[in-house]
1. Any idea which of B:51, B:105, B:89 is furthest toward the positive side of the dipole for the range B:50-134, if Lys and Arg beta-carbons carry +1 and Asp and Glu beta-carbons -1?
2. In nm, to one decimal, how far is the modelled label at residue B:466 from the one at residue A:178, with both set 7 Å along Cα→Cβ?
3. Multiply the residue separation of residue B:155 and residue B:55 by 0.36 nm, subtract the distance between their alpha-carbon atoms, and state the gained length in nm to one decimal.
4. Using only Cα atoms, find the angle between the long axis of helix B:408-434 and the longest principal axis of chain B, and express it within 0 to 90 degrees, rounded to the nearest 10.
5. Say the cut-off is 18 Å between C-alpha atoms; which of B:221/B:251; B:82/B:251; A:177/B:35 go over it?
6. Filter the trypsin sites (Lys or Arg not before Pro) in the range B:1-101 down to the DSSP loop ones having no more than 16 other Cβ atoms within 10 Å, then list what survives.
7. Averaged across A:161-167, how many Cβ atoms of other chains sit within 10 Å of each residue's Cβ atom?
8. What does the charge add up to near residue B:39, with Lys and Arg as +1, Asp and Glu as -1, over the other residues with Cβ less than 14 Å from its Cβ?
Amino acid sequence: MIVTTVAFYLFAAITVASGFMVISAKNPVHSVLFLILAFFNAAALFLLLGAEFVALILVIVYVGAVAVLFLFVVMMLDIDFSELREGFLQYLPVGALVGLILLVELALVFGGWVIAPGAAHAGAEPVAAFGALSNTRMIGFVLYTKYVYLFQAAGMILLVAMIGAIVLTLRHRQDIKRQVIANQVGRRREDAVEMKNVEPGQGI
Amino acid sequence: MEYKLATLPALGPAFPEIILAVGSLALLMYGAFNKSNTARQVSIGAVILQMIALVVVAVQPLGRMETFGGMFVSDDFSRLIKILILLGSSTAIIMSIGYIRHEKMERFEFPVLITLATLGMLMMVSANGLISLYMGLELQSLALYVIAAFNRDNVRSSEAGLKYFVLGALSSGMLLYGMSMVYGFTGSTEFDAIAHVLGQGRPSLGVIFGLVFIMAGLAFKVSAVPFHMWTPDVYEGSPTPVTALFAGAPKVAAMALILRVLFGAFPAIEPEWQQIVVFISIASMVLGAFAAIGQTNIKRLMAYSSIGHMGFALVGLAAGSADGIKGVIIYMTIYLVTNVGVFCCILSMRRNDRSVESISDLAGLSRSQPVTAFLFAMIMFSLAGVPPLAGFFGKLYVFLAAIHSGLYTLAVIGVVSSVVGAFYYLRVVKVMYFDEPAEPFDQPMRTELGILLGISGLFTIFFFAWPGPVVRAAELAAAALLH
């Protein structure tokens, strides 16, 4: 029990600290690296909760794909991030003050917290009893049956995202060279290669 | 572990949504695989598709039906709102057909994205749980962000899209945070279950916290003060038919969603949310009335006008009674139809083949186009709430409901801000009728715009003669919501 608690605080602290480093690091590449660290620790937190499927998906999708993509974008775009962020730390004291006040207010309110009767039970088992099933299996059981509506809706949302990206960025430029496969295939050896008989000592 | 065969959920209640989803995919395919520019055909196809969906909604049997494990509900309330939404977005597509050609942004994705946004709105209205609510909302919003920036070579359109996206993402974040708190403290994401848990005893503070965040997220979508900042810029920067869409269908859908959430999931803690609604209602009415006074661009003016109208509609919600819900629905119906007329006029403001948008350009319209000017003036009077035009009845129903519920202060502030708001609507009429004539607009008005303007104007003028169908439908819907 104590090990889990210690592990929780360790991972949570690293997550928060690396989250802070993401927004305060001078070098954007360092920011992305800290983001990856934050993802890893969040995944570890999910593991502690027993949600191994979500944890591994987080690592695979966010670290493996999203963060790497970020890294590419950060390296390829010529944006002076330090200039963009100039003055950010100036606002930090005010922002921190506001955050602190909010935190104190929240804490005051949380002091009088009452949980509705029956809520704890209802939340504990959102789907039917897990039994000895693994996460993945359990998600597989409900994703395409009980939650098929949400699954399809998520599909539509992703479709809109794809259409949006294409509509807003795709340009058919006329002035660039394109690959024409028919021309490539139709090219013959005689068109491309010319045999020269080079005399020794004379060059071409 | 026993293995059970899953049964196919009943698809009947969701039939209009399925038609829209499959139809929009078909239109997308048609557009994508055609070498020539198919924007016009796809637009017409999208309008026909929405009309088919509308007919299907209209012939669905009365009463409440749930499907997909209780995540999706179709009742008299959702059906009425869906009809309004489909009318609103199909008229926006009709209005856009000429515009996107003139402005050289004629691409088939435009009507497809509007159809997908409409699908999202229908899903919002039929949501019976927090997750399905969020899915519908996000589908709608994502499509709307893209069409706000659709004129991508125009800086202001891109700015509008980006601004809407960033602030919309922030509001989605707040909404999700609130939803997670509600889930944590009630143990369910389904509206009925939440209402059941909350009905058992004193509500916990966590739920109220969550409710506040959910309200903040939803108030953003109806652009109620203090979450209205995006509205004027997005309305001004977006292509005009997109503004016409924003002002109509999504507002109706989001308002219906607020009704559904508050009366479906949180009826037990009405006193708590009533305070919030009263505040945002007063703030929206007052800001809508005063901030619009200094505007010179008619699209910005309509943005502040819509903020104010959302405030008036929320008065009915604050009443928290069946009368109040009826008032909100009637108000939104009239608002939607009137808006179509306004934007038809704005779209026909073209001079030397270019769109003009400032109010002073309307000067002398009464002489060059007397019929258009008359209908536009009537619509402006209606927006101001002058009897016996339609807008007056909308306000009458919501204020009556507020008075019946004892919210006298709210009703008085509402009436006062309505009088202040009348100033800027009447100023538009004054410019059209009494100012030195400016150069006339390009003639003639496009046929489809003329027809839509005529319908909207006649509805506005003659609503008092035959209000029965709208009022009865609204009564039925209100009863269904309170089931």
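Laboratory data are not the source of any read-out in this text; all were calculated from the coordinates shown. Computed from a predicted model, the values in this text were never measured in an experiment. Positions of Cβ are generated from backbone atoms using ideal geometry, with glycine treated the same way; all protein chains shown enter the neighbour counts.
1. Most positive-ward Cα: B:105.
2. Label-label distance for residue B:466 and residue A:178, simple model: 5.4 nm.
3. Computed gain between residue B:155 and residue B:55 is 32.0 nm.
4. Compared with the principal axis, the helix lies near 20 degrees.
5. A:177/B:35
6. Loop-located and lightly packed - B:4, B:35, B:64.
7. Mean partner shielding for this stretch: 6.
8. Values: positive: B:35, B:40, B:101, B:104, B:107; negative: B:103, B:106, B:109.
Value of the local net charge: +2.
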